[in-house]
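The structure under discussion appears below in the form of structure tokens.
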Amino acid sequence: MDINYTAEERAFRDEVRTFLNEKLPKDISSKVKEHKRLGKEDTIRWQKILNEQGWLALHWPKEHGGTGWSPIQKHIFEEECAEAGAPTVLPFGVNMVAPVIIKFGTQEQKDYYLPRILRSDDWWCQGYSEPGAGSDLAGLKTRAVRDGDHYIVNGQKTWTTLGQHANMIFCLVRTDPDAKKQEGISFLLIDMEKSEGITVRPLITLDGEHEVNEVFFDDVKVPVENLVGEENKGWTCAKYLLTFERTGIAGVGSSKAALAHLKQVAREQQVNGKPLIEEPHFRSRLADVEMELMSLEMTNLRTVAAAEAGGVPGAESSFLKIMGTELRQEITDLFRRAAGPHALPFLPEQLAGDFDGETVGPEFAGSVASRYFNFRKLSIFGGSNEIQKNIISKMILGL
């Protein structure tokens, strides 16, 4: 969708494009565009480049190291990054725990953790979901018992994304087992590198990748000063964080880049001697995706603008999460259909950045199956889409 940018906004877009052209490492952008596996060092290298430019923390207040950009500038930046093949900024530190620390943390926590997040000194992961406490997150059972100047933590977290790389984890823990579910939870910052009693075990996903993990806590000692907010009031932190997570899952910029690529593929692929994009059923689905994406983009801009004015996304973040994840899944399904039988073979080694072996079918087909299967998770994590519909029905319709 074309937005009628002002002259100042067009100048900003040109500045972003120049920066990406000069500073985005070509080896990293090639991996992103070819849907190959990014290493930890790739992510950190790009985040350090962004931080050096002062462009890492888009959504932080300027006094803490944020950009001070308008909602339109943030939108332009994210859109240009997606088009250029820039990696997504690791969200757990910059976009998830940092806003919680800024909102609820002590001055000492802000002074210590925020600069480390900007410098990528810490790799954060999220300790929310547990076996039996996923969409019903308030049903978590990981316990934290106060013992002098420490909490003693025991329990298990699961689906911990990229936990194998992390040295820090922010966790929801139960500190009052007798309170109502949401009222006995606290928000803790736990050092995974220095703390004894933490075990990380891989969970290999359907596409053969090691992306998520189980994390076990066995009598882990956590200093009381690592509590964010008040004891037993962590659910407030949790809800605040989830609004940022769900808004980010919408992925407008990446969806626009993927849709542009899909159109190019559909023009090149032939069906019965004609370009696939001229096949009526495929063309109709493609048009539906584009219209929905235009609607999602405007909703996202309104939500970001409201947040800029001091508001906190509420039911809007649930709308964005539902719409964004369903669109991203639909786009991967259309890629799968465009590849046809060539989407069936999948060799995990093809995702390696240094893979130079023979691929099967069209150039884009190698990662189609991996992306299709991986993106099935989008409508589940961050609170399943069914749960988001319940939130909307309660907050908007009063049901």
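Which distance in nm do the two modelled labels at S70 and Y112 give, with both placed 7 Å along the Cα-to-Cβ direction?
Distance between the two pseudo-spin positions: 4.0 nm.
Take the range 12-144, drop everything but the C-alpha atoms, weight them equally and run the Debye formula without solvent; then report log10 I(q)/I(0) at 0.09, 0.10, 0.12, 0.22 Å⁻¹ to two decimals.
Log10 of I(q)/I(0), two decimals: -0.32, -0.39, -0.56, -1.31.
Report ³J(HN,Hα) in whole Hz for each residue of the range 126-134, in order, from the Karplus equation J = 6.51 cos²θ - 1.76 cosθ + 1.60 where θ = phi - 60°; Gly and Pro get x.
Coupling constants for the range 126-134: 10, x, 10, 5, 9, x, x, 9, x Hz.
Starting at the first residue of the range 278-295, write each ³J(HN,Hα) from the Karplus equation 6.51 cos²θ - 1.76 cosθ + 1.60 with θ = phi - 60°, in whole Hz, x for Gly and Pro.
3J(HN,Hα) across the range 278-295, in whole Hz: 8, 6, x, 5, 5, 4, 5, 5, 5, 5, 4, 4, 5, 5, 5, 5, 4, 5.
Semi-axes of the equivalent ellipsoid of the chain: what are they in whole Å, largest first, if each equals the square root of 5 times a C-alpha gyration tensor eigenvalue?
After diagonalising the Cα gyration tensor, the semi-axes are 36, 24, 22 Å.
Using θ = phi - 60° and the Karplus relation 6.51 cos²θ - 1.76 cosθ + 1.60, list the HN-Hα couplings for the range 379-391 in order, rounded to whole Hz, with x at every Gly or Pro.
After applying 6.51 cos²θ - 1.76 cosθ + 1.60, I find 7, 10, 6, x, x, 4, 4, 5, 5, 4, 5, 5, 4 Hz.
When the dipole is taken about the Cα centre of the chain, and only Lys, Arg (+1) and Asp, Glu (-1) are charged at their Cβ, what size is it in debye, to the nearest 20?
Computed about the Cα centre, the dipole is about 660 debye.
At a 10 angstrom cut-off on C-beta neighbours, averaged per residue, how do the peptides 167-175, 266-274, 106-114 rank from highest to lowest?
Taking the mean over residues of other Cβ atoms within 10 Å, the ranking is 167-175, 106-114, 266-274.
Net charge within 12 Å of G197 by Cβ-Cβ distance, Lys/Arg positive one each and Asp/Glu negative one each, not counting G197 itself?
The answer is -2.
In degrees, nearest 10, range 0 to 90: what is the angle between the Cα axis of helix 234-249 and the longest Cα principal axis of the chain?
The angle comes out at about 10 degrees.
How large is the helix-only mean residue ellipticity at 222 nm for the chain, computed as the sum of -39500 (n - 2.57) over DSSP H runs with n ≥ 4, divided by its residue count, in deg cm²/dmol to the nearest 500?
Mean residue ellipticity at 222 nm (helix-derived): -14500 deg cm²/dmol.
Every number here is computed from the coordinates shown, using simple stated rules; none is lab data. Given the structure is predicted, the values throughout are model-derived calculations rather than measurements. Heads up, the Cβs are rebuilt from the backbone with ideal geometry, glycines too, and the neighbour counts pull from every protein chain shown.
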